[in-house]
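Student: I am attaching a structure below and will ask some questions about it afterwards.
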Amino acid sequence: MERTLSSLRPPTYGKLITILSIDGGGIRGIIPGIILGFLESQLQVLDGEDARLADYFDVIAGTSTGGLVTAMLTTPNEKKRPLFSAKDIKDFYMENCPKIFPQMSCPFAPIAKMIKTMTGPKYDGKSLHNIVKEKLGTTQLHQTLTNVVIPTFDIKQMQPAIFSTYEVKNTPSLDALLSDICISTSAAPTYLPAHYFKTVNSDGSERRFNLIDGGVAANNPALVAMGEITREVLSGNPDFFLIKPMDYARFLVISLGTGTAKTEEKYNANDSAKWGILGWLTNGGSTPLVDVFTNSSGDMVDYHISVVFKALNCEDNYIRIQDDTLGGTVSSVDVATKENLEDLVKVGESLLKKQVSRVNLQTGLSEPVKGQGTNEEALIQFAKLLSQEKRERDIRSPHTPHNKLPIIKSK
């Protein structure tokens, strides 16, 4: 079978609503990058080398480093195709993470880092700003090749600010530059500075944003993406015609974590009981407070979605790929040495070979699922579902040009 790719038709012409979600985690964004590279390669096996992830997902959601990956996958180039393929993500991180998170090599580096953390962010963010602005240029939120959802948190308003291509149609003031959105969702407290920018409406009025890391609100943005779609269904969006608001059995969700430290690896109650402000802000090269809210946010979302999909008897429509056994520097968000970045690549590659896992609703820990095979095998099946869903939408949609319909060649 040979196919010519068209843009993804609305869910009303298919059976599923497809969501890709990518957690935050700094340099650990390499891990989902490896996973995404494999998934895209399987879609290319099915549909040709021009296949890209943005061709198959109704919405791609990302927080912090996941927001940057989301923008990379959905920003159009001059040919109106994705600026980056999924396999490019690894090289992007390998090249640019050392610039964004420059490492101190002097003997007093740990002390210097602690002092810097107490007086301001560890990194000035200039390299991040320059790299993101150079790559994403003047692309605005409404120009992405598929729908995106990128959470941030407005420190002035003390509430989340969610940049959604669904909502931008109703709220034009959200139509910011993707570069500003990515810089904002990556501005992790104590690591990178908060980001200020403004948008100007057609009537000349301004909206001002004072933003920090989206991980404060939703480090795992899968549930936010599902919420955005549900709101569109409720509003009567014709793209979701005949779909019911709580018809979660139609959702197909791939949620990618960036890894967490072993349960016993980092902290314990005996040590943390003695901490004051300094201890919670910096401890062993990490920031416990940031680790706590990002991990809890991600796990609670996974817990909720797992329960909902189990209740609806559609567990196979949801996969969460996460490694909760990281140890040492690979669990860091900013140790951007060549050796550590290469180790993160290995983590992503080994994660593909691990058993599919689901959260144990009693312990909160991920446990292998019997009979489900490896993450790699599961992604091969998800690729087939995504390809089939796109094909069915193309056939059913009256808006698909004849030359874009699937062509089945006889052998």
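Readers should treat all values here as calculations from the given coordinates under stated rules, not as data from a laboratory. All of these numbers come straight from a predicted model, not from anything done at the bench. Using ideal geometry, Cβ is built from the backbone for each residue, glycine included, and neighbour counts are taken over all protein chains shown.
Student: Contour minus end-to-end for K126 and D247, with contour as 0.36 nm per residue of separation and end-to-end as the Cα-Cα distance? Show your work: numbers first, answer last.
Tutor: Details: separation 121, 0.36 × 121 = 43.56 nm, distance 4.43 nm.
Between K126 and D247, full extension yields an extra 39.1 nm.
Student: Express the relative contact order of the stretch 134-231 as a whole percentage, based on alpha carbon pairs under 8 Å and six or more residues apart in sequence. Write out the running numbers ahead of the final one.
Tutor: Values: 170 pairs, mean separation 29.1, N = 98.
Relative contact order, the stretch 134-231: 30 percent.
Student: Next up: Quick check for me: using +1 on Lys/Arg Cβ and -1 on Asp/Glu Cβ, what's the dipole size of the chain about its Cα centre, in debye to the nearest 20? Walk me through the intermediate numbers first.
Tutor: On the way: 44 positive and 46 negative charges, 98 e Å.
Roughly 480 debye for the chain.
Student: If you count, for each residue, the other Cβ atoms within 10 Å and average over each peptide, how do 145-154, 237-246 line up from highest to lowest? The partial results should precede the final answer.
Tutor: Working: 145-154: 25.9, 237-246: 13.6.
So the peptides 145-154, 237-246, ranked by packing, come out 145-154, 237-246.
Student: Please compute the net charge surrounding L312, taking Lys and Arg as +1 and Asp and Glu as -1 over other residues with Cβ under 13 Å from its Cβ.
Tutor: Residues close to L312 contribute a combined charge of 0.
Student: Another one. If you add up the charges near F209, with Lys and Arg at +1 and Asp and Glu at -1, over every other residue whose beta carbon is less than 14 angstrom from its beta carbon, what do you get? Present the calculation step by step, with values, prior to reporting the outcome.
Tutor: Working: positive: K156, K198, R207, R208; negative: D154, D175, D180, E206, D213.
With Lys, Arg at +1 and Asp, Glu at -1, the net is -1.
Student: A further question follows. Per residue, how big is the convex hull of the chain when only Cα atoms are used? Give it in Å³.
Tutor: Enclosed volume per residue, from the Cα hull, is 155 Å³.
Student: Identify, among V292, I31, S202, the residue whose Cα sits farthest towards the positive end of the charge dipole of the chain, taking +1 on the Cβ of Lys and Arg and -1 on the Cβ of Asp and Glu, with the dipole about the Cα centre.
Tutor: S202
Student: What does DSSP give for the chain in terms of the percent of beta bridges that are antiparallel, rounded to the nearest 5?
Tutor: Values: 22 of 40 bridges.
Bridges in the chain are about 55 percent antiparallel.
Student: Another question about this same structure. With n ≥ 4 as the cut-off for DSSP H runs, can you work out [θ] at 222 nm for the chain, using -39500 (n - 2.57) per run divided by the number of residues, rounded to the nearest 500?
Tutor: Details: 13 runs with 159 residues, N = 411.
For the chain, the value works out to -12000 deg cm²/dmol.
Student: Continuing with this model, one more query. Put a dot 7 Å past each Cα toward the Cβ at L312 and K99; how far apart are the dots in nm?
Tutor: 4.2
Student: On to the next question. Say the cut-off is 30 Å between C-alpha atoms; which of K90/K156; K169/K244; K274/K310; K135/K169; K90/K384; K346/K390 go over it?
Tutor: Details: K90/K156 35 Å; K169/K244 22 Å; K274/K310 41 Å; K135/K169 25 Å; K90/K384 24 Å; K346/K390 32 Å.
From K90/K156; K169/K244; K274/K310; K135/K169; K90/K384; K346/K390, over 30 Å: K90/K156; K274/K310; K346/K390.
Student: Could you work out how far helix 338-353 tilts from the main Cα principal axis of the chain, as a 0 to 90 degree angle to the nearest 10?
Tutor: Value to nearest ten degrees: 40.
Student: Given a 10 angstrom Cα cut-off, can you work out which residue in S272, S366, S357 is the most mobile in a GNM of the chain?
Tutor: Between S272, S366, S357, it is S272 that shows the largest mean-square fluctuation.
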